[in-house]
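The values are calculated or read from the model by the stated rules, or taken from the named source; none is laboratory data. Note that the coordinates shown come from a computational prediction; the quantities given were computed from them, not determined experimentally. Cβ sites come from the backbone with ideal geometry, for glycine too, and all protein chains shown count toward neighbours. For the accessible areas, the whole protein counts, side chains as well, though only heavy atoms, and no ligand, DNA or RNA atoms are used. Shrake-Rupley method; radii C 1.70, N 1.55, O 1.52, S 1.80 Å.
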Amino acid sequence: MSYAPGIGGDPALLAQRISSNIQKITQCSVEIQRALNQLGTPQDSPELRQQLQQKQQYTNQLAKETDKYIKEFGSLPTTPSEQRQRKIQKDRLVAEFTTSLTNFQKVQRQAAEKEKEFVARVRASSRVSGGFPEDSSKERNFASWESQTQPQAQLQDEEITEDDLRLIHERESSIRQLEADIMDINEIFKDLGMMIHEQGDVIDSIEANVENAEVHVQQANQQLSRAAEYQRKSRKTMCIIIFIVVIGIVILSLIIWGVSRK
């Protein structure tokens with residue numbers, strides 16, 4: 001699967017593609033695990049191992065593509081009103097991608113161990129290790145080879161050895177590819193770690209802005225409280241003044257009334 005940067009201009013389309021890839025990686029990991037469980041059983045076959053290798057390569061390519069999409073998604077310009085929603089969306093995608101990658105790398109390591117065990121068994125049961133097979137079926141085959149002519153026995157031994165070598169070379173090549181794929185996933189984990197670190201810086205900045213806003217709000221509330229207090233004091237002073245004026249008018253009226261009666 002190839003990376004298509006042409007979709008990058010649309011954040012909704014990018015987010016949709018990332019989510020789709022994450023689901024595919026998760027599903028592929030389940031299928032790989034199922035195939036690994038069949039290795040060493042009657043269902044084991046060269047075709048199964050080939051399909052397993054192809055599935056691993058496909059999933060690895062999906063992981064690389066998704067990593068590029070997430071980087072592009074995070075670099076898209078945003079308006080102040082979209083910034084918070086975009087960040088929440090990116091955080092969710094990064095978390096889901098990290099989970100799917102963790103599961104995929106787990107089955108990758110299991111596949112590598114299975115391949116190494118297979119190579120060890122082939123070496124142990126072949127002439128590559130310097131000895132003949134020790135199981136009863138192969139002892140019977142060896143007895144039958146001795147009943148044949150010496151040139152025929154030598155030819156059969158060479159054919160078996162070549163098959164064992166071919167299997168070992170194929171499995172070792174598969175192990176090297178798996179190890180390279182695991183390294184690729186490790187690099188993606190590093191990218192995600194950097195993204196999370198950058199998000200942490202952004203979160204710290206947002207928290208600082210929130211704290212500043214809270215300080216401004218508290219200061220505004222204090223100013224409003226002081227203004228309200230001043231207003232209450234002004235009303236109280238005005239009421240006292242009016243009361244004094246009224247008392248003065250009453251007293252003055254009484255004085256004028258007393259003088260007029262005389």
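So if I check each of Pro151, Pro77, Pro133, which one is at negative phi, at pLDDT below 80 and not in a helix (DSSP H, G or I)? Answer to the check: Pro133. Of Glu96, Glu47, Glu65, all but one fail to be over 24 Å from Glu115 (Cα atoms) and open to solvent by 70 Å² or more (accessible area, probe 1.4 Å); the exception is Glu96.
The number of residues in the range 177-190 that are under 18 Å from Lys55 (Cβ atoms) and charged (D, E, K, R) comes to 3.
For the range 17-26, indicate whether the set of residues that are at pLDDT 95 or above, under 19 Å from Ser174 (Cα atoms), under 17 Å from the mean Cα position of the chain (by Cα) and not small (Gly, Ala, Ser) is non-empty. So far as the range 17-26 goes, no, none of its residues is at pLDDT 95 or above, under 19 Å from Ser174 (Cα atoms), under 17 Å from the mean Cα position of the chain (by Cα) and not small (Gly, Ala, Ser).
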